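Scroll down for the structure; my scribbles are underneath it.
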Amino acid sequence: MKTLLALPLLLLLTACTHYSVSNVSLLHNEPVAQPAQTQPFLLNIDADKNCYSSRVGQSIRTTCSNKGRIQTIVAAFKEQGLAARPPQENQPAPTISVKVDSINSFVEYTTGFFNIITLGLSPLYHYDDYIVTYKDAENGVEITDSVRVSSYSGWFSLFMSNPEDLGRGEIKLRAEKNLIRSVVSEIKTAE
C-alpha cells in the first residue's frame, strides 16, 4: 500500500514545471496594423520542422511539418508590406532561416536522473534555442537573433509562476513568432 502511495507522490513532485524566456519582451502580443498594399518580395525560407506525437488506437503516430513556421514568416513579412514569394530556380534571393537548437540529450538525461533520485529536489533542465537568421548577400545584410526558452521540472516549481502566466505551448509559440517579427522589422529598416 505504501508503494502505491509513493508512486503518485513521486510523479507529483517531479512533474511541476516552470518556464523562463531569455527575452521576456518577446512574450507580449502587440497588435500590428496591416498595410493596405504589399509589394512582392523574393525570399528563400529554411525552417526546421516541428514534430508532434499523437496516439492513434494502440500506436503512436509522429507528424513533422514546417508549415506553421513558414506561415509565421510569410505573415511577418506581410505586416511589413512585403509579400514573400519563392524565387525561380537559380534566381538570387535573400534567405531567412529558423532553427531550433535543443539541449544535449546527455545533459538532459543526467538532470532527469538526479531529479528522480532526489524526488524532485534537483530540477530536470531542458531548453530550446530559437535562432532566426536573415542573409541578403546582394545588399550585404545579415541579421541574426535568438531566444532561449528554458524549463525546470521539480517541486520548487510549485512556488514559481510562468512568465505572463502562460502555458508551455503558448510561451514557445509567442517567443518564436515575436522573434521572427523582430528580425523582419530589422530587415525593413536595414534596407
Are any residues in the stretch 75-92 open to solvent by 20 Å² or more (accessible area, probe 1.4 Å), in contact (Cβ under 8 Å) with a residue 24 or more places away in the chain and in contact with a Lys or Arg (Cβ under 9 Å, 6 or more places away or on another chain), and if so, which ones? Glu79, Gln80, Ala84
Residues within the stretch 172-191 that are more than 13 Å from the chain's Cα centre (by Cα), under 9 Å from Ala76 (Cβ atoms) and of a type in the set (A, V, I, L, M), tallied: 2
Return the pairs, sorted by first residue and then second, in which the second residue is polar (S, T, N, Q) and in a helix (DSSP H, G or I), the first residue lies in the stretch 166-182 and is in contact (Cβ under 8 Å) with a residue 24 or more places away in the chain and surrounded by fewer than 21 Cβ atoms within 10 Å (Cβ to Cβ), the beta carbons are less than 6 Å apart, and the residues are 6+ apart or on different chains. Lys177/Thr72
Give the number of residues within the stretch 14-61 that are under 14 Å from the mean Cα position of the chain (by Cα) and part of a loop (DSSP other than H, G, I, E, B). 4
Being in contact with a Leu (Cβ under 8 Å, 6 or more places away or on another chain), aromatic (Phe, Trp, Tyr) and open to solvent by 70 Å² or more (accessible area, probe 1.4 Å), is that true of even one residue in the stretch 132-152? yes
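The values are calculated or read from the model by the stated rules, or taken from the named source; none is laboratory data. Since we're looking at a predicted model, the values are computed, not measured. Positions of Cβ are backbone-derived with ideal geometry, glycine not excepted, and every protein chain shown enters the neighbour counts. Note: areas computed on protein heavy atoms with side chains; ligands, DNA, RNA excluded. Shrake-Rupley method; radii C 1.70, N 1.55, O 1.52, S 1.80 Å.
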